[in-house]
1. Looking at (1) modelled with pLDDT under 95; (2) in a loop (DSSP other than H, G, I, E, B); (3) crowded, with 23+ Cβ neighbours inside 10 Å, can you tell me which one residue 285 breaks?
2. How do the strands (runs of 3 or more DSSP E) wholly within region 16-102 filter down when requiring 2 or more residues that are at pLDDT 75 or above and over 30 Å from residue 349 (Cβ atoms): which remain?
3. Does residue 156 satisfy the criteria of being touching a helix residue (DSSP H, G or I) at 6+ places or on another chain (Cβ under 8 Å) and either in the same structural domain as residue 188 (by TED's automatic domain parsing) or modelled with pLDDT of 95 or more (or both)?
4. Within region 316-338, is even one residue touching a helix residue (DSSP H, G or I) at 6+ places or on another chain (Cβ under 8 Å), in a helix (DSSP H, G or I), modelled with pLDDT of 85 or more and closer than 22 Å to residue 51 by Cα?
5. Considering only region 239-252, I want to know if a residue exists there that is surrounded by fewer than 18 Cβ atoms within 10 Å (Cβ to Cβ) and within 30 Å of residue 192 (Cα to Cα).
6. With the requirement that a residue be crowded, with 17+ Cβ neighbours inside 10 Å and either touching a helix residue (DSSP H, G or I) at 6+ places or on another chain (Cβ under 7 Å) or not in a strand (DSSP E or B) (or both), what does region 126-135 give you?
7. Please work out if residue 175 is in contact with a helix residue (DSSP H, G or I) (Cβ under 8 Å, 6 or more places away or on another chain) and farther than 23 Å from residue 260 by Cβ.
8. Answer yes or no as to whether residue 240 is in a loop (DSSP other than H, G, I, E, B), in contact with a strand residue (DSSP E or B) (Cβ under 8 Å, 6 or more places away or on another chain) and either touching a residue at least 40 places away in the same chain (Cβ under 8 Å) or more than 23 Å from residue 109 (Cβ to Cβ) (or both).
């Protein structure tokens, strides 16, 4: 699916959802997946691809269980204000600015934006460390029908989750908003309680990502619905489940006390998404760990990597320039609580070396870093276009062409099958 609006929105948005976790004696651990120590390489572009993981952990707590909760109430049929499906047309409401107006492009609704945000998150997670499940919610007055649906149990099979999201995109939103039922259902999946479709995993960090575009209206009336949501927050907090909540659009942010309470009482983070068009950009910033920053530097040349990609579950990737001969690559990480870690790796750039073979997952990371590099070069060109002469612009054009060619090479290179 094309996402032409994402880079522009991402540049405009502040970092969000750096989730807090419960207090414990923790440490920051750094591990590298590539390159190997003392490896000899012959990188055509003179850059070493560095990838690894940085986690703030207590012993045996390096796994994550995550349930994404998607609002499917009637109001999510409204337009998101963005070209979510990438068809070149931004859907609009047939009923003016009414929140529950039907969008004339189903692929651009608030619900479609939630689905795309979930896909974006999945593209950044590592199934080796993170299981993900999906719960949807709306609600009606019939006690025989569930207001929250366990659409997919927690799984490492992200391709299956993609099929589930395809299925969801084919259904129209309807009903009211039962936030209390949504949160308790998601928590029961994480805890493996009776009626759940998932098994609990000892030692995993348990997180609910709740999206909603309105106020709670069930059970009963709005006042009772708010009370039920606050009670659900207390229950979930007692069970050790964290809730990161996202209030989407004007109505949800007119009085965001319920999602704020859910996050505050469970040690999570509340995010106000004033425009539904910004939701995907916020999901690109999600952190499941307390990791704040990772810096990658070639200590031999005193040159930093231009950009370090951070994944929600602690993965990081970067490209750092090399010189011929020995290069000492330094990776430094810092957590939000101030704890830090540092490690180094020696890489030799030599004639006759080879580009390290990458698994499909690492190849995807490398492509993402290259895409970010290309975006940074484009931004730099725009900033300098009116202030500098043709010589500078020609140099920037050469940098863009090099980044483009390297990206094409990374996409087309043959990689070994990941076991």
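1. (3)
2. 64-71
3. no
4. no
5. Checked against the condition, which is being surrounded by fewer than 18 Cβ atoms within 10 Å (Cβ to Cβ) and within 30 Å of residue 192 (Cα to Cα), region 239-252 yields at least one hit.
6. Keep residues of region 126-135 that are crowded, with 17+ Cβ neighbours inside 10 Å, which gives 126, 129-135.
Across region 126-135, the qualifying residues are 126, 129, 132, 133, 134, 135.
7. Working: in contact with a helix residue (DSSP H, G or I) (Cβ under 8 Å, 6 or more places away or on another chain): yes; farther than 23 Å from residue 260 by Cβ: yes.
Criteria met by residue 175.
8. On the way: in a loop (DSSP other than H, G, I, E, B): yes; in contact with a strand residue (DSSP E or B) (Cβ under 8 Å, 6 or more places away or on another chain): yes; either touching a residue at least 40 places away in the same chain (Cβ under 8 Å) or more than 23 Å from residue 109 (Cβ to Cβ) (or both): yes.
It is true that residue 240 is in a loop (DSSP other than H, G, I, E, B), in contact with a strand residue (DSSP E or B) (Cβ under 8 Å, 6 or more places away or on another chain) and either touching a residue at least 40 places away in the same chain (Cβ under 8 Å) or more than 23 Å from residue 109 (Cβ to Cβ) (or both).
The values are calculated or read from the model by the stated rules, or taken from the named source; none is laboratory data. Source: prediction; values computed, not measured. Ideal geometry is used to build each Cβ from the backbone, glycine not excepted, and the neighbour counts take in all protein chains shown.
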